[in-house]
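Data block below; observations after.
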Amino acid sequence: MANYKFALVAPCIRKFVALFVCAAIMHACSEQPNSSSTAITETTSSDLVYPRMALDSATSAAVTTLIAQYLTRIDSDFSAVQSELESMQSEIERFLENPNATAINAVRAAWLRAHSAYELTTVHRHFAQTVVNEATRLNLLSLQYQINHWPILPGYIDYLSSYPESGIVNDMTVPLTADDIRAQHGLFDINEAAVGFHALEFLIWGENRDRLSPRPFSDFQAITVLPADAEARGLALDELSNNRRRVMLVLSTEILNQDFESFMALWAAQSNDFRVRLENAASPYLLGDLLTALTSVLIEDVLARSLYPMLNGDFTDSFPSIFSHSSQNVASAQLFGLEQLLLETSTESMTLDEILSNLSGDYAEYFFQNFDASKECLVLLFSTQDASPIPTSAAEAEFTVVECINQLTNMIDYVEQVQSRLIGPV
């Protein structure tokens, strides 16, 4: 991620979490256009006419080739996530063998790399949800809830400064097995996360409110002799919080790796079927699927999960990585993924950006003006607030949020202008 051309932040839900989940499920259940259709006609609504846009043979061929190359990129990027997760697991194993400051910093660095690699695939995951069948789409959404849900309730996992005995780590009634930890995930509330990147983030960093006080490595030192006070309370060695925390760290990492492997396996089976259908699919619909994925990242991951809650005054749950204070990395990865899709996924002569520019003068003239401006706006907003989640000036923060929202909605409009002419209104 060191070669990113820009830096930003990412999304979150609190007041909008129910709305977002419902929207995701409704989207997951929606009918997809018939990809084998080749007819290009005019579609009318009650008061508007949307002429569909015929693609010439060269553009149609370019779109098909572009999609085929994009599928290869998806596989490559998913494999990179898997590799980073395995690397993180190795760092955790080394750390637990000899807990020390250097080793826990290596674990934290590995988490940051793995999470950034995962967030880079955000547009890929939206594309996958667009092209797979309904049952697989729901399974992918369920796995993503396991892998990367936020915001979370950290006290559900381990102690807080104000509640030193809270969390699964300190709850002796919860056996520490993979099945039992999975069963605790979202048991009573969607934000009661027991697994995934952000549960693991809290285990590694702790509350870390000021960015300078992460969890001490001593929290993971094995206790091999039962202290007198613990013995007096009737505790066994495996019930001590340090020892349970060590087990929780190992299991959380294993579960995360397993869930991502399951995600990859689901996608692999469906992507093979999609490749078979690719040559006979109508290119306007193929291009429409790409554009749906692109706008979904902006609408669902940036606007709905971060900027709209901020506009409502929520400067805590609108940040995905509050314990590591790395939310800026999330948006960097997400938008870098979009930029790669537009500029680097290319055929012999045309990138996706060039195809869209040929189809729409407004897109050609204005999209990247707004894209670049939104990057600067989000950098200003997220880098400042990620450092200190309490805005120094509510008025200034609100002005910046509104500015970012306007630029992002402009980008969405330019893409949807093209898309509406490709596939018509639903």
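Check SER332 against each of (1) surrounded by fewer than 22 Cβ atoms within 10 Å (Cβ to Cβ); (2) closer than 23 Å to ARG209 by Cα and name the one condition it does not meet. Failing condition for SER332: (1). In this structure, THR384 does not satisfy being modelled with pLDDT under 90 and exposed (fewer than 15 other Cβ atoms within 10 Å of the Cβ). Considering GLU239, GLU254, the condition of being touching a residue at least 60 places away in the same chain (Cβ under 8 Å) and closer than 30 Å to ALA128 by Cβ is satisfied by GLU254 alone. Take the residues in the range 285-340 that are farther than 19 Å from THR130 by Cβ and aromatic (Phe, Trp, Tyr); name whichever of them is farthest from the chain's Cα centre (by Cα). Step by step, filter the range 285-340, then rank; the result is PHE315. Consider the range 304-316. How many of its residues are crowded, with 23+ Cβ neighbours inside 10 Å and in contact with a Phe, Trp or Tyr (Cβ under 8 Å, 6 or more places away or on another chain)? Qualifying residue count, the range 304-316: 3.
Evaluating ILE223 against the criteria (1) surrounded by fewer than 15 Cβ atoms within 10 Å (Cβ to Cβ); (2) out of contact with any Leu (no Cβ under 9 Å at 6 or more places or on another chain); (3) among the β-branched types (Val, Ile, Thr) leaves one unmet condition, (2). For the residues ASN257, ASN272, ASN242, the requirement of being closer than 30 Å to SER332 by Cβ and either assigned to a helix (DSSP H, G or I) or touching a Pro at 6+ places or on another chain (Cβ under 7 Å) (or both) singles out ASN257. Among all positions in the range 225-233, there is no residue which is at pLDDT 95 or above and in contact with a Pro (Cβ under 9 Å, 6 or more places away or on another chain). It is to be established whether one or more residues within the range 294-303 are touching a helix residue (DSSP H, G or I) at 6+ places or on another chain (Cβ under 6 Å), of a type in the set (A, V, I, L, M), surrounded by fewer than 20 Cβ atoms within 10 Å (Cβ to Cβ) and closer than 30 Å to GLU398 by Cβ. No: zero hits.
Number of residues in the range 114-144 that are basic (Lys, Arg) and within 19 Å of ARG73 (Cβ to Cβ): the value is 1. Can ALA183 be described as in contact with a helix residue (DSSP H, G or I) (Cβ under 8 Å, 6 or more places away or on another chain) and not polar (S, T, N, Q)? When the stated conditions are applied, ALA183 does not pass them.
Checking ALA304, ALA265 one by one, the residue that is under 21 Å from LYS375 (Cβ atoms) and hydrophobic (A, V, I, L, M, F, W, C) is ALA304 and no other. Against the test of being modelled with pLDDT of 95 or more and in contact with a His (Cβ under 7 Å, 6 or more places away or on another chain), the options GLY155, GLY196, GLY206 yield a single qualifying residue, GLY196. Looking at GLU239, GLU261, just one residue is within 26 Å of the chain's Cα centre (by Cα), surrounded by fewer than 23 Cβ atoms within 10 Å (Cβ to Cβ), of a type in the set (Asp, Glu) and at pLDDT 95 or above, and that residue is GLU261. Between LEU422, LEU356, LEU378, LEU408, the distinction of being part of a helix (DSSP H, G or I), closer than 25 Å to ALA333 by Cβ, in contact with a helix residue (DSSP H, G or I) (Cβ under 7 Å, 6 or more places away or on another chain) and at pLDDT below 95 belongs to LEU378 only. What about TYR145, is it surrounded by 23 or more Cβ atoms within 10 Å (Cβ to Cβ), at negative phi and either hydroxyl-bearing (Ser, Thr, Tyr) or touching an Asp or Glu at 6+ places or on another chain (Cβ under 6 Å) (or both)? So TYR145 fails the test. Only residues that are within 18 Å of ARG73 (Cβ to Cβ) and at pLDDT below 95 were counted across the range 264-286, and they come to 7.
Checking every residue in the range 171-191 against the condition of being closer than 16 Å to SER321 by Cβ, within 23 Å of the chain's Cα centre (by Cα) and part of a loop (DSSP other than H, G, I, E, B) gives at least one match.
Take the range 229-278 and flag every residue that is farther than 21 Å from HIS149 by Cα and among the hydroxyl-bearing types (Ser, Thr, Tyr). Correct list: SER241, SER271. Condition first: exposed (fewer than 13 other Cβ atoms within 10 Å of the Cβ), within 20 Å of SER213 (Cα to Cα) and of a type outside the set (Ser, Thr, Tyr). Now tell me which residues in the range 160-175 satisfy that. The answer is PRO164, GLU165.
When the range 304-339 is examined, which residues are found to be in a helix (DSSP H, G or I) and out of contact with any helix residue (DSSP H, G or I) (no Cβ under 7 Å at 6 or more places or on another chain)? Listed by number, the residues that qualify are SER306, TYR308, PRO309, SER332, GLU339. Residues satisfying the criterion are present in the range 342-355 (criterion: touching a residue at least 40 places away in the same chain (Cβ under 8 Å), over 29 Å from PHE319 (Cα atoms), in contact with a strand residue (DSSP E or B) (Cβ under 9 Å, 6 or more places away or on another chain) and not β-branched (Val, Ile, Thr)).
Among the residues of the range 176-193, those identified as farther than 18 Å from GLN89 by Cβ and either surrounded by 13 or more Cβ atoms within 10 Å (Cβ to Cβ) or in contact with a Pro (Cβ under 8 Å, 6 or more places away or on another chain) (or both) are ASP180, ALA183, GLN184, HIS185, GLY186, ILE190, ASN191, GLU192, ALA193.
The values are calculated or read from the model by the stated rules, or taken from the named source; none is laboratory data. It should be emphasised that the depicted structure is a prediction, and the values quoted were computed from it without experimental measurement. FYI the Cβ positions are ideal-geometry reconstructions off the backbone, even for glycines, and counts take in every protein chain you see.
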